[in-house]
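Let me begin by presenting the structure, written as structure tokens, before commenting on it.
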Amino acid sequence: MCTFERPDDLHRSLDVLANGSAALDRLVIVDNGAGDTTTSIVAEHRLGDSMTIDIVTPGRNLGPAGGYAEAFKAIDEFAASDDLVVILDDDDPPPSPTILHDLVALADTTVTDPTVAGIGLRGGELNLRTGVIASRPEGNTDTEPADHLHGGWLPVYRVGALRDADVFDPDLFWGFDDLEIGRRLARHGYGLRVASTLFRSVSSRRQPRVSAALAPRSWRHYYRHRNLLRILRRDHAWGAIVATVLVRLLGKPLVNLPLRPSLALWHLRTNAAAAYDGLFRTTSALHPRHQPASRDS
């Protein structure tokens, strides 16, 4: 689990884990913040006498991508290849006390296939021609394939597959780190599954429609586009890169320029920085002009 200066969210997530039916052997919490309150919050929850709890404090904000990389380092030395790990967000608690138990039970039967690296409640398929992601589940089967599992929807992975594919890229910082995990797994011959029936049992949320309006100013906007372009570049998906730049990064702000000139110009400047860093820079997790505020990360 990754957390960052959100004590109320951490409380809620630990409450669900404490009252849930899944028996977790170990919980690794990476605190990207100051780390002053996480230990006391953990102590307030009865998480089970048999559960080992590790709190990792990097001393700076690594974002979810860096935080999960640190968490995997903490378990990599002792975890067996057949062990299962679930990636948790502090602000996305399990939607029901039993869902993690049900998902792990399904993973125990599904992930036994050596070519299946993991299973989650929701995932997606990246179109390498357009750069657009279609969400899964869409069908009516118990499970269906996806090329990546969405973070926040309890993705469960087999440790051996994560090791083989070296899936964690801390330089992404925030956004599409789940897509990068899926792409790296696919390059090593692994597939992923979405628990369609379980998802529908806990969520009535519909896929949001794509809007032509510009999003409000946010540091997340830079990372979202930078990381998508970086992933597409690694896949040599040049058609999707051209489509993303022309349609999303240039076309959408230009269409809105007469209506909201100030916001449109901010989008154009931010998109230009994201495009340059995504296509031409290979490192740097943080852009100096797009640092996240402490409470918005």
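What follows draws every value from the coordinates through simple rules; no lab data is involved. This structure is a prediction, so every number in the text was calculated from the model and none was measured. Ideal geometry is used to build each Cβ from the backbone, glycine not excepted, and the neighbour counts take in all protein chains shown.
GNM, the chain, Cα, under 10 Å: largest mean-square fluctuation among 185, 268, 154?
Per the Cα network of the chain with a 10 Å cutoff, 268 tops the list.
Let's see if you can work this out: charge +1 on each Lys and Arg Cβ, -1 on each Asp and Glu Cβ, no other charges. What is the dipole magnitude of the stretch 110-154 about its Cα centre, in debye to the nearest 20?
180
Which cross-chain or sequence-distant (5 or more) residues have an amide H under 5 Å from the amide H of residue 56, H modelled 1.01 Å from N in plane?
Amide H neighbours of residue 56, under 5 Å, 5+ apart: 29, 30, 31.
Tell me which of 128, 258, 55 sits at the most positive position along the dipole axis of the chain, charges placed on C-beta atoms (Lys, Arg +1; Asp, Glu -1).
Looking along the dipole axis, the top candidate is 258.
Please turn the phi angles of the stretch 84-101 into ³J(HN,Hα) values with the Karplus equation 6.51 cos²θ - 1.76 cosθ + 1.60 (θ = phi - 60°), one per residue in order, whole Hz, x for glycine and proline.
Running phi through 6.51 cos²θ - 1.76 cosθ + 1.60 with θ = phi - 60° gives 10, 10, 10, 8, 10, 10, 5, 9, 10, x, x, x, 7, x, 9, 5, 5, 4 Hz.
Report the gain in length on full extension from residue 163 to residue 215: 0.36 nm times residue separation, minus Cα-Cα distance, nm rounded to one decimal.
15.0 nm
Using Stokes-Einstein with the Kirkwood hydrodynamic radius over Cα pairs, what translational diffusion coefficient do you get for the stretch 1-120 at 4 °C and a viscosity of 1.567 mPa s, in µm²/s rounded to a whole number?
87
Amide H to amide H under 5 Å from residue 89: which residues, 5+ apart in sequence or cross-chain, H placed 1.01 Å off N in plane?
Placed amide hydrogens put 152 under 5 Å from residue 89.
Given the options 197, 225, 68, identify the residue whose Cα lies farthest towards the positive end of the charge dipole of the chain (+1 on Cβ of Lys, Arg; -1 on Cβ of Asp, Glu).
Sorting the options by dipole projection puts first 225.
Which of the three applies to the stretch 107-183, rounded, prolate or oblate, going by the alpha-carbon gyration tensor with a ≥ b ≥ c and a/c under 1.5 meaning rounded?
Since a/c reaches 1.5 but b/c is at least a/b, the shape of the stretch 107-183 is classed as oblate.
Shape call for the stretch 148-250 from the C-alpha gyration tensor, a ≥ b ≥ c root eigenvalues: rounded (a/c under 1.5), prolate (a/b greater than b/c) or oblate?
Judged from the Cα gyration tensor, the stretch 148-250 comes out oblate (a/c at least 1.5, b/c at or above a/b).
What is the dipole size for the stretch 2-202, taken about its Cα centre, with +1 at each Lys and Arg Cβ and -1 at each Asp and Glu Cβ, in debye to the nearest 20?
480
If one computes P(r) from the Cα atoms of the stretch 2-202, what percent of pairs lie at distances over 21 Å?
50
Looking at the chain as a GNM with Cα springs under 10 Å, which of 138, 180, 125 has the largest mean-square fluctuation?
Residue with maximal mean-square fluctuation among 138, 180, 125: 138.
So how far, in whole Å, is the C-alpha centre of the stretch 55-108 from the one of the stretch 111-153?
18
Where does the chain land at 222 nm, in deg cm²/dmol rounded to the nearest 500, when only DSSP H runs of n ≥ 4 count, each adding -39500 (n - 2.57), divided by all residues?
Mean residue ellipticity at 222 nm (helix-derived): -12000 deg cm²/dmol.
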